[in-house]
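The values are calculated or read from the model by the stated rules, or taken from the named source; none is laboratory data. Every value quoted in this text rests on a predicted model; they were computed, and no experiment measured them. Positions of Cβ are generated from backbone atoms using ideal geometry, with glycine treated the same way; all protein chains shown enter the neighbour counts. Please note that ligands, DNA and RNA were not included when accessible areas were found on the heavy atoms of the full protein model with its side chains. Shrake-Rupley method; radii C 1.70, N 1.55, O 1.52, S 1.80 Å.
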Amino acid sequence: MTVLLEKRRLIVSPGLVPAQRRREDKFGHPKDVDVDLTIGLVNNMPDTALQATERQFMRLLRQAAGDMRIDFHCFSLPSVSRSLSARGRVEAQYTDIAGIDRLPIDGLIVTGAEPSAATLPKESFWRELTEIADWAKSNTKSAIWSCLAAHVAVLYLDGVERRPLDTKCSGIYDCFSVSDHWLTDGFVGPIKIAHSRLNELRPRDLTASGYQLLTQSPDAGVDSFSKHFGSQFIFFQGHPEYEALSLEREYLRDISRFLNGERNTYPAIPVGYFDVETEQRLTVFAARAHAERRPTLAAELPQRKLREDIATGAAATVMFRNWLDYLAGKTPAAVANANV
């Protein structure tokens with residue numbers, strides 16, 4: 001499968017790419033494509049995760065696309081603060097979000113941003129993100145809202161408040177289907193999903209406002225849920241797109257912030273993520289970090305090994321294949337909603 005990292009990103013199934021690709025094939029539209037979809041990613045993740053987020057969602061779309069042709073556009077909200085290098089990447093590689101109305105977006109993926117204000121409505125990105133929610137209701141077939149973006153959307157749309165957690169929810173959790181929905185078709189038993197958040201949306205608050213719970217974890221709480229707003233909105237509290245090392249990078253970042261005095265608490269080890277020996281070494285290092293707190297200590301972090309059963313890719317691929325099928329009108333729910 002080929003991904004062209006330009007302002008107009010083209011994802012083509014490998015079966016449709018000739019071994020010796022001609023120049024006209026590179027930017028053309030393959031003749032034998034089953035379905036042609038346009039997907040937008042509003043990538044509001046901080047600079048350190050900007051490219052990783054692009055890569056993660058493109059990887060999922062590549063794996064799920066099958067015979068579908070996908071035109072993939074990245075956008076970023078102007079209100080999200082960027083470094084000089086990140087701004088340069090956005091300006092060179094991303095489509096201007098002011099022109100989103102001119103694109104026939106079938107499906108939209110909206111990520112969260114790093115919070116800095118005391119409440120969500122006080123965030124600099126609140127107005128732009130809520131405007132995207134209003135736009136998506138009447139201009140997309142479906143929109144996915146990830147993590148903090150999900151929290152913003154349900155607060156704006158239905159007044160559902162998120163609640164702070166006593167400790168950060170971080171790790172790989174077993175999640176179970178809790179209702180019959182096209183997004184979870186094909187799931188067998190529990191699915192493993194990465195979670196990384198300081199707040200939660202509670203099941204009773206969501207169901208009271210008409211949201212359908214889709215997957216849930218006994219330990220992490222609500223994983224995914226949905227509601228129809230003209231467009232089918234899908235919400236993720238977890239991160240099905242995360243790669244194997246994503247949680248490790250966040251954990252090491254939080255350790256560095258503690259050692260640098262940027263946060264007051266030392267981060268807990270992600271649940272179900274590192275093997276037993278690594279957890280033991282990290283527990284010893286945590287005690288040392290509390291005793292010797294200094295920035296240079298980060299260079300002495302012990303070697304780490306992940307558990308062998310943390311793979312989340314299979315479930316995420318099924319989920320995104322189901323989402324693309326919905327966008328393509330291949331599910332009964334898509335047909336029913338089209339006739340509403």
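Here are the numbers for the structure shown:
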quantity	calculated
Any chance Arg59 is under 26 Å from Leu120 (Cβ atoms) and among the basic types (Lys, Arg)	no
Conditions (1) more than 24 Å from Phe235 (Cβ to Cβ); (2) free of Cβ contacts under 8 Å to residues at least 24 places away in the same chain; (3) of a type in the set (D, E, K, R); number of the one not met by Lys122	(1)
Residues being open to solvent by 40 Å² or more (accessible area, probe 1.4 Å) and in contact (Cβ under 8 Å) with a residue 24 or more places away in the chain - total across segment 168-186	7
Within segment 286-308, considering residues that are within 22 Å of Cys169 (Cβ to Cβ) and in contact with a helix residue (DSSP H, G or I) (Cβ under 8 Å, 6 or more places away or on another chain), the one most open to solvent (accessible area, probe 1.4 Å)	Arg304
Candidate set from segment 112-152 (those that are touching a Ser or Thr at 6+ places or on another chain (Cβ under 8 Å), of a type in the set (D, E, K, R) and part of a loop (DSSP other than H, G, I, E, B)); member that is nearest to Arg69 (Cα to Cα)	Lys141
Gly40 vs. criteria at pLDDT 90 or above, of a type in the set (Gly, Ala, Ser) and not in a helix (DSSP H, G or I)	yes
Matching residues in segment 36-60 - criterion: being surrounded by 21 or more Cβ atoms within 10 Å (Cβ to Cβ) and over 12 Å from the mean Cα position of the chain (by Cα)	Leu37, Ile39, Gly40
Scope segment 187-196; condition among the aliphatic types (A, V, I, L, M) and open to solvent by 40 Å² or more (accessible area, probe 1.4 Å); matching residues	Val188
Boolean, Asp158 is over 20 Å from Glu128 (Cβ atoms) and acidic (Asp, Glu)	no
Count - residues of segment 197-244 that are touching a residue at least 60 places away in the same chain (Cβ under 8 Å), at positive phi and surrounded by 16 or more Cβ atoms within 10 Å (Cβ to Cβ)	0
Hey, Gly272 at pLDDT 95 or above, within 30 Å of the chain's Cα centre (by Cα) and more than 20 Å from Ser246 (Cα to Cα) or not	no
Enumeration of residues in segment 91-111 that are under 18 Å from Leu37 (Cα atoms), outside any loop (DSSP other than H, G, I, E, B) and among the acidic types (Asp, Glu)	Asp101
Top-ranked residue in segment 96-124 [being more than 16 Å from Asn44 (Cα to Cα), open to solvent by 90 Å² or more (accessible area, probe 1.4 Å) and among the charged types (D, E, K, R); ranked as modelled with the highest pLDDT]	Lys122
Answer residue from segment 61-85, given it is buried (at least 18 other Cβ atoms within 10 Å of the Cβ) and of a type in the set (A, V, I, L, M) and is farthest from Ala113 (Cα to Cα) among those	Met68
Within segment 234-276, tally of residues that are in a loop (DSSP other than H, G, I, E, B) and among the basic types (Lys, Arg)	1
Count of segment 180-213 residues which are in a loop (DSSP other than H, G, I, E, B), over 19 Å from the mean Cα position of the chain (by Cα) and either under 21 Å from His151 (Cα atoms) or among the charged types (D, E, K, R) (or both)	6
Of the criteria (1) at pLDDT 95 or above; (2) not in a helix (DSSP H, G or I), which one Glu308 fails	(1)
